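Everything on this sheet refers to the single structure shown next.
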Amino acid sequence: MKLTVWTYEGPPHVGAMRVATGMKGLHYVLHAPQGDTYADLLFTMIERRDHRPPVTYTTFEGRDLGEDTAGIFKKTCQGAYDRFRPQALIVGASCTAELIQDDPGGLAGAMDIPVPVVALELPSYQRKEIFGTDETFYQLVRHLAQPMKKTPEVTANLIGPLALGFRHRDDIQEVKGLLCEMGISINVVAPFDATPKDLTMLGQGHINILMYPEHAEAAARHMERTLGIPYTKTVPIGVGATHDFIAEVAGICGVVPKADLSRLRQPWWAKSVDSTYLTGKRVFLFGDATHVRTAARIARDEMGFDVVGLGCYNREFARSIRTLGKEFGIEALITDDYLDVEKAIEEAAPEMILGTQMERHIGKRLGIPCAVISAPVHVQDFPARYAPQMGWEGANVIFDTWVHPLVMGLEEHLLTMFREDFEFHDAAGPSHHGTPAPKPVGVAPAPVRAIGAVMVWRADAETELKKIPFFARGKARRNTEKFAANQGLQEVSIDTLYEARAHYAR
Amino acid sequence: MNHSARITARTCRDAPVLRQRGQREVFCGLTGIIWLHRKMQDAFFLVVGSRTCAHLLQSAAGVMIFAEPRFGTAILEEGDLAGMADAHDELDREVARLLDRRPDIRQLFLVGSCPSEVIKLDLARAAERLTQVYAPRVRVLNYSGSGIETTFTQGEDACLASMVPALPASDMRELLLVGALPEVVEDQAISLLGKMGVGPIRVLPAPRSAEMPGVGPNTVFACLQPFLGTTVAALQNRGARMIRAPFPFGEEGTTLWLKAIANEFSVDDATFERVTVAPRTRARTAITNASAVLRGKSIFFMPDSQLEIPLTRFLVRECGMEAIEIGQPYIHKGLVDPDLDLIPAGPVISEGQDVDLQLDRIRAVRPDLTVCGLGLANPLEAEGLTTKWAIELVFTPVHFYEQAGDLAGLFSRPLRRRDLLKPEAAGPFPETHAVAR
Ligand code: SF4
């Protein structure tokens with residue numbers, strides 16, 4: 001038993017829903033109580049989908065238990081087939097139905113349903129949403145994809161994009177463009193918008209572009225083994241990674257690596273002098289492994305940031321993220337407990353967080369700007385405009401998105417010069433944001449957080465502290481207190497403040 | 001002569017009820033925690049359930065309240081399912097940790113879920129055991145919010161009902177208002193009744209456990225919400241007596257509700273008139289303004305919040321709408337009869353749901369406004385229908401005179417918006433417009 005308040009991942013059947021909802025012509029019959037239908041709103045509200053997810057729930061009740069819940073499942077399954085006439089069905093159980101052991105797969109298999117029925121075994125009490133996506137897609141591919149003659153021209157399958165993904169819609173477009181430059185066309189994109197019939201054609205492709213390892217690695221491996229289709233290991237998020245991706249694809253397919261860089265602006269934007277202020281900005285990265293891995297490289301090599309913390313919530317990728325952490329000289333945080341993440345961020349005191357919607361809230365509480373780089377995301381992370389993360393345009397988008405929460409370069413200098421001006425004062429926050437700068441939370445901290453003795457600030461030190469621009473003040477306060485504590489002091493004077501500053505100067 | 005109920009029914013009270021059994025598309029009772037935990041400020045709601053339960057709470061809350069909330073889910077893991085003794089030990093350990101971290105908690109609700117009920121984890125026993133450990137500082141209660149036993153607002157009913165046996169006994173002649181309402185609304189009710197000389201007035205649930213009301217044979221109570229059937233029965237068991245009235249939505253509902261209480265407390269007509277005349281007039285004006293676009297429009301309620309019957313009464317009688325179907329997850333006749341009495345026969349009354357068949361009916365009649373859950377709203381909008389999310393009715397202050405205009409506004413806004421947006425922007429969306437394309 002584990003007490004959980006907010007979760008990064010839903011249960012595994014929500015992962016299966018993300019695959020089913022991303023596809024067309026597939027229907028999911030889920031043995032589940034009525035409350036589990038809440039999951040529909042994730043798709044219709046957060047992603048603004050204009051169709052119901054293709055899911056029929058049995059919604060059995062307490063009084064059905066010990067009666068004929070299996071009968072309810074069969075009736076629902078038949079009804080769903082008759083009404084929706086899908087090309088294939090997936091069937092499975094939610095956490096509650098798993099306990100009553102009706103075996104939806106066996107029941108549906110014994111029925112006279114004239115289309116492929118794929119049974120899902122998703123252990124709800126051990127695994128989570130991302131496992132559900134990967135496993136569901138794998139099972140679909142395993143049942144539907146066949147060895148077949150390759151297309152005469154070089155074609156690629158794009159695998160991994162699905163419903164409720166962070167910018168999947170636009171990443172597909174961008175990756176298609178990259179491949180097109182090299183004369184590679186598309187065989188199948190899946191699960192996104194694919195039908196079960198499309199999945200039967202996967203075997204024609206020459207290469208699998210594994211866009212999101214979280215959602216399609218099992219399928220990629222399976223196809224490599226059984227269909228002889230190699231898959232890419234580089235995820236083209238960031239300029240360097242996109243170059244590597246092109247080289248990798250060219251190598252696998254035996255084509256000339258080619259890139260049209262005419263739309264790529266990120267390198268110049270990062271180099272131009274206004275961006276000088278980005279130098280050494282201390283950032284904390286948290287999200288799914290793939291996005292954290294790519295973001296870490298961008299942060300260090302393409303933005304000139306200092307990565308002071310990183311981690312992921314999906315344990316399946318723990319080892320690779322730990323290795324990444326070593327490369328950056330930090331210990332990676334692998335956890336799905338947002339309180340741990342909050343604590344780690346508080347301790348690292350970064351100037352910016354690159355995270356999920358959870359870190360956005362953590363940032364709000366701690367008064368640290370945050371840009372979103374990974375699912376889980378909320379409605380504002382499904383923009384109407386084209387906003388990919390992958391490829392050249394993705395690099396441009398990421399530059400803009402990461403810089404947006406920060407105070408702009410010139411503005412930062414002006415704030416320092418005029419910091420005591422009554423109108424142009426720092427508490428007004430970045431001028432391009434309507435709201436005042438976030439302040440550290442005034443909420444009384446939970447007792448659990450009250451660690452160590454309280455440091456007393458002398459009035460003159462406090463006044464001096466106020467002269468430090470707001471975006472650096474929190475860090476200055478914490479560093480000074482840490483420094484003072486290390487010196488065995490109970491009080492902070494102006495001298496302590498400046499000694500600490502000298503101590504931490506970089 | 002045809003004596004069938006359909007022909008002879010004059011009000012919806014005697015109308016036949018359409019019952020279908022198929023997929024339901026309603027939240028489970030856990031959802032009530034989202035508003036209950038705001039209302040009871042020293043209570044913590046500990047769901048004993050699965051990752052699904054935690055995810056439901058998070059999704060229904062929309063991550064609106066990200067500050068460490070006073071609810072959480074003790075997620076059952078593989079090990080807990082194996083041996084029962086373990087699960088109780090684990091629960092004790094989690095509770096100990098929680099109460100240690102949150103010394104401000106005075107009431108702890110162990111909330112049952114589908115998984116905890118299917119494995120027959122006895123939370124009543126756990127609550128008793130834990131009460132002995134933590135009394136008098138913390139009282140531990142338990143109720144079911146599971147989807148196999150409760151729908152949506154039924155969770156509040158189960159919660160309040162679980163509190164009743166623990167209320168102190170009282171012989172005082174007191175008025176008890178039952179139902180968790182936003183403070184602003186509750187204050188209005190108390191102030192109006194106070195001005196008539198009705199009192200003392202207590203509320204269930206009280207914002208803090210120390211203020212919990214007493215109950216006994218001299219207690220009379222009035223419900224603020226129509227979904228509190230179990231709580232009503234529990235209070236009656238303690239000897240309290242219910243004042244029956246339509247629910248206080250709109251000017252008419254509020255007046256009838258107040259009047260029923262006024263009669264119980266022998267308030268004379270002149271006093272009643274004096275206290276209510278100004279807010280009544282204000283409410284009428286506000287409704288008239290807000291309901292202009294509602295007049296003559298048709299409305300279809302999918303089963304959701306249990307407020308469907310009293311709201312239909314308000315929309316039909318005070319806003320001039322025509323009801324096509326009033327769906328509810330279940331009907332508690334004893335509570336909603338006074339409202340049903342006021343709705344002229346005509347609309348289909350349905351209980352339970354087969355969502356696909358119900359959507360077929362909606363597509364056939366194409367109502368001007370459909371009240372539905374969040375999972376269905378955008379898909380129906382994309383089909384060119386106009387919708388109102390039911391959940392907003394539970395989260396927004398909508399009771400009593402001063403909110404009557406806002407209540408009408410909740411329904412009129414989607415219609416006004418449809419008229420504001422130019423046709424090409426407002427849909428219906430062509431097939432190719434889907435997000436995923
Ligand atoms: S329906 Fe049951 S399993 Fe699903 S969220 Fe509600 S209580 Fe949990």
For the range A:44-63, give me each residue that is in contact with a helix residue (DSSP H, G or I) (Cβ under 6 Å, 6 or more places away or on another chain) and free of Cβ contacts under 8 Å to residues at least 24 places away in the same chain. A:Thr44, A:Asp50, A:His51, A:Arg52
Can B:Arg202 be described as over 28 Å from B:Val138 (Cα atoms) and not assigned by TED's automatic domain parsing to the domain that holds B:Gln403? no
B:Ser113 fails exactly one of (1) away from the ligand (no atom under 12 Å from the Cβ); (2) at pLDDT 90 or above, namely (1)
Which pairs have Cβ atoms under 6 Å, sit 6 or more apart or on different chains, and link a residue in the range B:65-82 that is under 15 Å from B:Phe44 (Cα atoms) and more than 7 Å from chain A (Cβ to nearest Cβ) to one that is modelled with pLDDT of 80 or more and outside any loop (DSSP other than H, G, I, E, B)? B:Arg70/B:His37; B:Arg70/B:Phe44; B:Phe71/B:Ile33; B:Phe71/B:His37; B:Phe71/B:Phe45
Residue list for the range A:250-266, restricted to those being within 24 Å of the chain's Cα centre (by Cα) and in a helix (DSSP H, G or I): A:Gln266
Within the range B:107-125, track down each residue that is within 23 Å of B:Thr31 (Cβ to Cβ) and free of Cβ contacts under 8 Å to residues at least 40 places away in the same chain. B:Glu117, B:Val118, B:Ala124
Qualifying position, being among the hydroxyl-bearing types (Ser, Thr, Tyr), within 34 Å of the chain's Cα centre (by Cα) and either within 16 Å of the ligand (Cβ to nearest atom) or surrounded by fewer than 19 Cβ atoms within 10 Å (Cβ to Cβ) (or both), among A:Thr69, A:Thr59: A:Thr59
Applying the selection to the range A:1-22, what residues are facing chain B (nearest Cβ under 10 Å) and β-branched (Val, Ile, Thr)? A:Thr4, A:Val5, A:Thr7, A:Val14, A:Thr21
Mind checking which residues of the range B:145-187 are within 16 Å of the ligand (Cβ to nearest atom) and either within 14 Å of chain A (Cβ to nearest Cβ) or modelled with pLDDT under 95 (or both)? B:Gly145, B:Ser146, B:Gly147, B:Ile148, B:Glu149, B:Thr150, B:Thr151, B:Phe152, B:Thr153, B:Gln154, B:Gly155, B:Ala158
Hey, among the residues in the range A:23-40 that are within 7 Å of chain B (Cβ to nearest Cβ) and in contact (Cβ under 8 Å) with a residue 24 or more places away in the chain, which one's farthest from the ligand (Cβ to nearest atom)? A:Gln34
A:Phe131 fails exactly one of the following numbered conditions: (1) within 12 Å of chain B (Cβ to nearest Cβ); (2) over 30 Å from A:Gly228 (Cβ atoms). What is the number of that condition? (2)
Within the range A:73-89, is there a residue that is at the interface with chain B (Cβ under 7 Å from one of its Cβ atoms), crowded, with 21+ Cβ neighbours inside 10 Å and touching an Asp or Glu at 6+ places or on another chain (Cβ under 7 Å)? no
Within the range A:266-289, does at least one residue satisfy the condition of being of a type in the set (Val, Ile, Thr) and within 28 Å of A:Gln357 (Cβ to Cβ)? yes
With in contact with a His (Cβ under 9 Å, 6 or more places away or on another chain) and closer than 22 Å to B:Leu57 by Cα as the only criterion, which of B:Leu99, B:Leu181, B:Leu160, B:Leu123 stands out? B:Leu181
Whether any residue in the range B:122-132 is outside any helix (DSSP H, G or I), of a type outside the set (Gly, Ala, Ser), within 30 Å of the chain's Cα centre (by Cα) and more than 7 Å from chain A (Cβ to nearest Cβ) is what I want to check. yes
Inspect all residues belonging to the range B:275-285 and state whether any of them is surrounded by 23 or more Cβ atoms within 10 Å (Cβ to Cβ), within 24 Å of B:Gly373 (Cα to Cα) and among the hydrophobic types (A, V, I, L, M, F, W, C). no
Which ones in the range A:90-120 are within 14 Å of chain B (Cβ to nearest Cβ) and within 21 Å of A:Ala163 (Cα to Cα)? A:Gly92, A:Ala93, A:Ser94
State the number of residues belonging to the range B:278-333 that are under 15 Å from B:Pro248 (Cα atoms), under 20 Å from the mean Cα position of the chain (by Cα) and not β-branched (Val, Ile, Thr). 8
Out of the helices (runs of 4 or more DSSP H) lying entirely within the range B:241-340, which hold 1 or more residues that are within 30 Å of A:Gly35 (Cβ to Cβ)? B:250-264, B:308-317
Is it the case that the range A:338-357 has a residue that's within 13 Å of another protein chain (Cβ to nearest Cβ), of a type in the set (A, V, I, L, M, F, W, C) and either part of a strand (DSSP E or B) or surrounded by fewer than 20 Cβ atoms within 10 Å (Cβ to Cβ) (or both)? yes
Quick check on the range A:299-328: of everything there that is among the β-branched types (Val, Ile, Thr) and closer than 13 Å to A:Lys281 by Cα, which residue is surrounded by the fewest Cβ atoms within 10 Å (Cβ to Cβ)? A:Val308
Counting only residues that are of a type in the set (A, V, I, L, M, F, W, C) and within 15 Å of the ligand (Cβ to nearest atom), the range A:73-128 contains a total of 6
Residue list for the range B:6-51, filter: within 16 Å of the ligand (Cβ to nearest atom) and either without any contact (Cβ under 8 Å) to a residue 12 or more places away in the chain or in a strand (DSSP E or B) (or both): B:Cys28, B:Phe45, B:Leu46, B:Val47, B:Val48, B:Gly49
Looking only at residues in the range B:395-404 that are part of a helix (DSSP H, G or I) and surrounded by 22 or more Cβ atoms within 10 Å (Cβ to Cβ), which one is nearest to the other protein chains (Cβ to nearest Cβ)? B:Gln403
Of the residues in the range A:90-139, those that are surrounded by fewer than 24 Cβ atoms within 10 Å (Cβ to Cβ) and touching a Phe, Trp or Tyr at 6+ places or on another chain (Cβ under 7 Å) come to A:Asp102, A:Leu107, A:Ile113
Flagged in the range B:201-215 as surrounded by fewer than 18 Cβ atoms within 10 Å (Cβ to Cβ) and farther than 21 Å from B:His399 by Cα, in numbering order, are B:Arg208, B:Ala210, B:Glu211, B:Gly214
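The values are calculated or read from the model by the stated rules, or taken from the named source; none is laboratory data. Computed from a prediction, not measured in an experiment: that's the story for all the values here. Note that each Cβ is placed from the backbone with ideal geometry, even for glycine, and that neighbours are counted across all protein chains shown.
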